[in-house]
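Bear in mind these aren't lab numbers, they're just calculated from the coordinates by the rules spelled out. None of these values were measured; they are calculated from a predicted model. For neighbour counting, all protein chains shown are included, and Cβ atoms are generated from backbone atoms with ideal geometry for every residue, glycine included.
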Amino acid sequence: MLKDGDFVKIEYSVYRAIDNSLVYTTNEELAKKNNIYDEKQAYKPILIVIGKDHIVKGVDKVIKDMNVGEEKKIELEPKDAYGERNQDLVRVISINDFRKRDIEPYPGLKIDLDGLPAVVTSVNSGRVIVDANHPLAGEKVVFDIKIIEKVEKTEDKLKELFDSYSLSPSSYKIENKVLNLTFDSKIKKDADYLIKKSNLVNAILNYLDEIEKVVSIEEYEKEKEKEEPKKS
């Protein structure tokens, strides 16, 4: 059986219990068949670190009683899935507040609301209603889960974390529980990089007991001046 702290890769699909409609899946063929395919999504097994809030608590609990290769379908109440709807997460905002930021709101627009992902649900008479509840909050859902693999080697765990956080170092080395990461000059050092690196380092320290310290080395290099073409 699996336990807290284990790294596992799973495939799963989420259905609304009320009508059995598919809401999300890691299976590309199933997504296309149910007309929810998103070309921006990577359809593949995802990494879950058990007990680390990587997935809803009802699924996290069930996974511990499963084995690699096992598949299970479970129905979850809102409290074990995406929570009950919270009216405090629904706000009415003046349309002028959006326009001051050069944003023209429309139903379905995704925004950041006090650090929470939110969606504009309606625009009417200068008033914009924004909802930061999860789209499935308050609903019973059905999860179809399959355990694909248990990741056991430290190096493999690191590679999975690099992939999950979309940031791979140019090289890395572990010595005496210290992980040295090198990001050479070929890796673009922008704001997105800084956020990804911070999240990656925190994940490594939180999920890998065998790593007690992370040292990040960044390399920068002057851009070489382009040579002027020789005149004939």
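Can you tell which of Asp60, Asp80 is surrounded by 13 or more Cβ atoms within 10 Å (Cβ to Cβ), within 22 Å of Asn133 (Cα to Cα) and in contact with an Asp or Glu (Cβ under 8 Å, 6 or more places away or on another chain)? On inspection, the qualifying residue turns out to be Asp60.
Contact map, the stretch 175-186: first residue among the aliphatic types (A, V, I, L, M), second residue in a loop (DSSP other than H, G, I, E, B) and surrounded by 15 or more Cβ atoms within 10 Å (Cβ to Cβ), Cβ cut-off under 8 Å, separation 6 or more or different chains; pairs are Val178/Ile211; Leu179/Ile211; Leu181/Pro169.
Total residues in the stretch 197-226 satisfying the condition of being under 18 Å from Leu158 (Cα atoms), charged (D, E, K, R) and surrounded by fewer than 14 Cβ atoms within 10 Å (Cβ to Cβ): the figure is 4.
Only residues that are within 18 Å of Leu158 (Cβ to Cβ) and within 22 Å of the chain's Cα centre (by Cα) were counted across the stretch 182-192, and they come to 1. Applying the criterion of at least 1 residues that are acidic (Asp, Glu) and on the phi < 0 side of the Ramachandran plot to the strands (runs of 3 or more DSSP E) found wholly in the stretch 104-203 leaves 110-113, 127-131, 141-151, 171-175. Of everything listed in (1) touching a Lys or Arg at 6+ places or on another chain (Cβ under 8 Å); (2) β-branched (Val, Ile, Thr); (3) without any contact (Cβ under 8 Å) to a residue 60 or more places away in the chain; (4) within 30 Å of Asn124 (Cα to Cα), the single unmet condition for Thr26 is (4). Every condition in (1) closer than 30 Å to Asp209 by Cβ; (2) surrounded by 13 or more Cβ atoms within 10 Å (Cβ to Cβ); (3) among the charged types (D, E, K, R) holds for Glu28 except the one numbered (1).
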